[in-house]
Amino acid sequence: MGLLERLQSKNQNDVQTGNEQEPAPLLEAEKLQKPKQPAPESVKPATKQKKNNSEKTKANGDYQELKNLTFKHILKERKDEHIEVIVADLDSILSEILEANPNIAKGDYLERLKKELTNDLTGYGPINPLLLDDEVSEVMVNGPYQVYAERRGRLELTDITFRDNEHVMAVLEKIVSPLGRRIDESSPMVDARLSDGSRVNAIIPPLALGGPTITIRKFSKDPFTVNDLIRFGTLTQEMADFLEACVKAKLNMFVSGGTGSGKTTTLNVLSSFISNEDRIVTIEDAAELQLGQDHVVSLEARPPNIEEKGAITIRDLVRNSLRMRPDRIVIGEVRSGEALDMLQAMNTGHDGSLATGHANSPRDMLARLETMVLMAGMELPIKAIRDQIAGALDVIIQQSRLKDGSRRITNITEVQGLEGDIIVLQDIFVFQQSGVGPDGKIIGKLVPTGVRPKFYERMEREGIHLPASIFMEKGE
């Protein structure tokens, strides 16, 4: 037993037996030599900290009470007024409420309160500043107390929080209600979009254990152009010229890549090359494409209602689009049985169609297409499916999000046809990585492989001229 334990044991025994001894009196010399013991340091800050915590609690209580009273006042007295008028009059509203409630201290939180009230009234609550920030490309709400943002390809934890789960749900209702969508315990998942086209996915308890979870993929107010992608390093000028020629030659093109790799942005850029004289039909789960042509018909899928009826799928829309006299069909994402209808459309005169899908490589995209065709419920032999794919697709564009957060087109691949049971692919452009810089940036370049595609002569016949040098690496 250690010394401290023995002393503690002795003190306890002395107390139990009544033998607790009084301390021996100090000698006079000891009294003179022994310095006066100051109050323990821990006591002073504790008292001060307790006071500070009390003041902070009072300020937070006043802040929340004033905010609640303000909302009640607006709902009761100003509900028929335009939101912009209410926001402009927030100062007088707050002053009126403070005068009527003298128990609420007028603290230094008023500016923060005005900002939060403005965000709640005109935008999407606490995350509104992130949605207005052009540097933020994605916003992730993981319950009320954890909000992440993606800037320049990097995730960072923000200091933004919601009050509670109900606050997050109120923001969600504001997002989905104008679209005729709903989210509650009976329908706890939803795909939606904001007015600017930004994609929204939400999932709530009981499926999301940490509280309502929102993921918002933002889109630029001004759609990215091909020059922007060249500036970002997503592709080169030669690749851009080649892709523009492919679109104008009405080749069927497929953009594949992982989540967040930039497929939709690339699809937008490819769509911008389509002639203004063409009738374009776009088909999406949630409308995101921002096409600038005059003759665009946008179709959006619809989820089932509360009775699990009324759903309109992407496949339904693809079938319907064939009766709409389209010059071009653009499908936001192929993920199921609509792959069969898309391939049949490409094989029956609807040239120049564009679509995206999830895959890690061009070869993997072909395998996924086979699987998706089988999901249509047609028991087709693999050889017949590969015949359809090889006859329908001309070009696969593989997009990747690299470890440093940058988005690059890593392959532009020609689908050359079927040899035996194998679909033959040939890379036209590839991304060659040479290393990683000291700042973690990927070092590499996009280069042509030196192979001219088989459809080069077809382009020439249609009056689309590309210099042969575009397929040769510089310096050759």
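Only the coordinates and a few stated rules stand behind these numbers; no lab work does. Predicted model only: the values in this text are computed from it and were never measured. Note that each Cβ is placed from the backbone with ideal geometry, even for glycine, and that neighbours are counted across all protein chains shown.
Charge tally around Phe273: other residues with Cβ under 12 Å, Lys/Arg +1 each, Asp/Glu -1 each, net 0. For the chain, what is the relative contact order in percent, using Cα pairs closer than 8 Å and at least 6 residues apart in sequence? For the chain, the relative contact order is 9 percent.
The angle between the Cα long axis of helix 165-176 and the main principal axis of the chain comes to about 20°, on a 0 to 90 degree scale. In this rough spin-label picture, where each label sits 7 Å from Cα along the Cβ direction, the Gln64-Lys76 distance is 2.1 nm. In the calculated pair-distance distribution of the chain, the portion above 34 angstrom amounts to 52 percent of the Cα-Cα pairs. Backbone geometry of region 415-428 corresponds, through the Karplus equation with coefficients 6.51, -1.76 and 1.60 at θ = phi - 60°, to 3J(HN,Hα) couplings of 8, 8, x, 10, 10, x, 9, 10, 7, 8, 10, 9, 5, 9 Hz, x marking Gly and Pro. About the centre of its Cα atoms, region 63-122 shows a dipole size close to 200 debye [charges on the beta carbon of Lys, Arg (+1) and Asp, Glu (-1) only; nearest 20 debye]. With viscosity 0.692 mPa s and temperature 37 °C, the Kirkwood radius over alpha carbon pairs of region 154-280 converts through Stokes-Einstein to a diffusion coefficient of 187 µm²/s.
Phi angles across region 80-89 convert, under the Karplus curve 6.51 cos²θ - 1.76 cosθ + 1.60 with θ = phi - 60°, into 3J(HN,Hα) values of 8, 8, 5, 4, 4, 5, 5, 4, 5, 9 Hz, Gly and Pro given as x.
The ratio of the alpha-carbon radius of gyration of region 217-286 to the globular-protein estimate 2.2 N^0.38 Å is 1.13. Cβ-Cβ distance of Asp91 and Ser195, R₀ of 35 Å, FRET efficiency by 1/(1 + (r/R0)^6): the value works out to about 0.80.
Sorted from greatest to least, the principal axis extents spanned by the alpha carbons of region 72-155 come out as 49, 29, 21 Å. Near the amide H of Val136, within less than 5 Å, lie no amide hydrogens of residues on another chain or at least 5 residues away, with H placed in the peptide plane. When the P(r) is computed for region 405-451, the part past 17 Å accounts for 48% of the Cα-Cα pairs. Extents of region 315-442, taken as max minus min of Cα coordinates on every principal axis and listed largest first, are 54, 34, 24 Å.
Across all directions, the average projected area of the convex hull around the alpha carbons of region 226-471 is 14.8 nm². Were the residues from Glu84 through Lys454 laid out at 0.36 nm apart, the gain over their Cα-Cα distance would be 127.3 nm. Could you compute the FRET efficiency for Glu473 and Ile422, with r as their C-beta to C-beta distance and R0 at 30 Å, rounded to 0.05? Once rounded, the FRET efficiency stands at 0.60. Using C-alpha pairs under 8 Å with a sequence gap of at least 6, the mean separation divided by the residue count of region 315-465 gives a relative contact order of 15 percent. Each Lys and Arg contributes +1 and each Asp and Glu -1, all at the Cβ; summed about the Cα centre of region 123-221, the dipole is approximately 300 debye. Which angle between 0 and 90 degrees, to the nearest 10, do you get for helix 263-272 versus the longest principal axis of the chain when only C-alpha atoms count? So the inclination is approximately 40 degrees.
Placing a label point 7 Å from the Cα of Thr313 along the Cα-to-Cβ direction, the residues of region 348-381 whose backbone N falls under 12 Å of that point are 372-378.
Please compute P(r) over all alpha-carbon pairs of region 250-356, binned at 10 Å starting from zero, and give each bin as a whole-number percent. Reading the bins upward from 0: 15, 50, 29, 6, 0.
Annotation: extensible slack from Gln146 through Ile104 equals 12.2 nm (criterion: 0.36 nm per residue apart, minus Cα-Cα distance).
The Gln237 and Ile382 beta-carbon pair, evaluated with R₀ = 51 Å, returns a calculated FRET efficiency of approximately 0.80.
Computed with the Debye formula from one identical point scatterer per Cα of region 305-350, without solvent, the log10 of I(q)/I(0) at q = 0.25 Å⁻¹ comes to -0.91. The angle between the Cα long axis of helix 43-77 and the main principal axis of the chain comes to about 50°, on a 0 to 90 degree scale.
Note on region 123-221: along the principal axes its Cα atoms extend 37, 26, 20 Å, ordered by decreasing extent. Could you work out, for region 380-441, what percent of all Cα-Cα pairs fall into each 5 Å distance bin, beginning at 0 Å and stopping at the bin that holds the largest distance? It works out to 4, 16, 19, 16, 13, 11, 9, 7, 4, 1, 0, in whole percents.
The order of the peptides 384-394, 161-171 by mean Cβ neighbours within 10 Å, most packed first, is 384-394, 161-171.
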